[in-house]
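The values are calculated or read from the model by the stated rules, or taken from the named source; none is laboratory data. All figures in this text were calculated on a predicted structure; none of them were measured in a lab. Cβ placement follows ideal geometry from the backbone for every residue including glycine, while neighbour counts extend to all protein chains displayed.
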Amino acid sequence: MQFIFHYPETAGYEGDVLDAGAPDEVAVTLERSGFDGLSFSEHPVPGAKWLASGGHQTVDPFVTLGYAAAVTERLRLLTYLSVAPYRNPFILAKAAATLDKLSGGRMILGLGTGYQKSEFFALGVDMEERNALFDEVLDVLPLHWSGEPFSYQGLHFSARDVIARPRPVQNPIPIWIGGNSKLSRRRVAQRAQGWMPMSGGAQLSNTARTPTLGDQSEIGGHIAELREAAAAAGRTERIDVLYSYQDSGILQPTVDPDRHREAFAELEKAGVTWIVVSSRTRERAATLEWIEAFGATYLT
């Protein structure tokens, strides 16, 4: 089992997302404390109503993960998640390849289809096309990363005899897909290296326009079905599963640790390979203290 720290997300207008600590200092502390990865989410231009009602601020995940990469040696760098339809797929592919190259092969590209109507409108992207655009991205990424000439006709672009260099270090950069729908799981089984189910409960699933999957005890059945579908599609490599651990008790990581260790063990038994946790802290000192306490309790 490996652990990723999701950088705390400041809700609403009060304060700034980076009040939780400078990303470089957070990254160094994570690596020293035994964490395996760091993640950031993405909302380039969220709706004011959403932000006022509890939505969260974000930074650009690729820029910030690149900043963290420069001060670490082994920490994996995850976009959790990047909204694939927001970008031309070649721009997305170049950002991921650049981060992978500069970090020595530590990028994990977490992708989702997106759900905020106002953000789609603001970016000039047709939300009704989001699934078609997402599938275009899955087509284009391996072509772009191959470093060989290719052509591709998209919904809104035509690429003729193009080539992208340098190649990323990893072949391929792992693609982890978020979402609970049957379509999302089918994409993972057929075309991706990892699945990021949404585990935040019915209200969050409704907001993100994705079905609920039940509680933690039910995740094993979904993972088994996904891996069976991958095998049926001729896949032989391991499909990673990232589970977001939502137990509020983890906000005090040294309290009742045996209960959390038991929960982690059950998730591993169910087929989860990575767990993402967050501190929900809003000050630098509290964030660093939480990271060190979690590492000392669970990772050493």
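The residue pairs whose first member lies in the stretch 9-31 and is on the phi > 0 side of the Ramachandran plot, whose second member is surrounded by 15 or more Cβ atoms within 10 Å (Cβ to Cβ) and among the basic types (Lys, Arg), and whose beta carbons are closer than 8 Å, counting only pairs six or more residues apart or on different chains, are Gly15/Arg282; Gly21/Arg284.
Please determine, by comparing only the residues of the stretch 38-63 that are assigned to a helix (DSSP H, G or I) and of a type in the set (Phe, Trp, Tyr), which one is nearest to Pro85 (Cα to Cα). Across the stretch 38-63, the extreme among qualifying residues is Phe62. A single member of Arg227, Arg261, Arg284 is within 21 Å of the chain's Cα centre (by Cα) and of a type in the set (Lys, Arg), and it is Arg227. Of the strands (runs of 3 or more DSSP E) contained entirely in the stretch 105-192, those carrying at least 1 residues that are crowded, with 20+ Cβ neighbours inside 10 Å, modelled with pLDDT of 95 or more and out of contact with any Lys or Arg (no Cβ under 8 Å at 6 or more places or on another chain) fall at 107-112, 175-178.
Pro89 meets each of the listed conditions (1) surrounded by fewer than 22 Cβ atoms within 10 Å (Cβ to Cβ); (2) over 13 Å from the mean Cα position of the chain (by Cα) apart from (1).
One line per residue, one yes/no per condition, for (1) at pLDDT 95 or above; (2) more than 27 Å from Thr287 (Cα to Cα); (3) of a type in the set (Val, Ile, Thr):
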{"site": "Asp19", "(1), (2), (3)": "yes, no, no"}
{"site": "Leu38", "(1), (2), (3)": "yes, no, no"}
{"site": "Val45", "(1), (2), (3)": "yes, no, yes"}
{"site": "Ser53", "(1), (2), (3)": "no, no, no"}
{"site": "Pro61", "(1), (2), (3)": "yes, no, no"}
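Restricting Phe5, Phe35 to residues that are crowded, with 22+ Cβ neighbours inside 10 Å, part of a strand (DSSP E or B) and of a type in the set (Phe, Trp, Tyr) narrows the list to Phe5.
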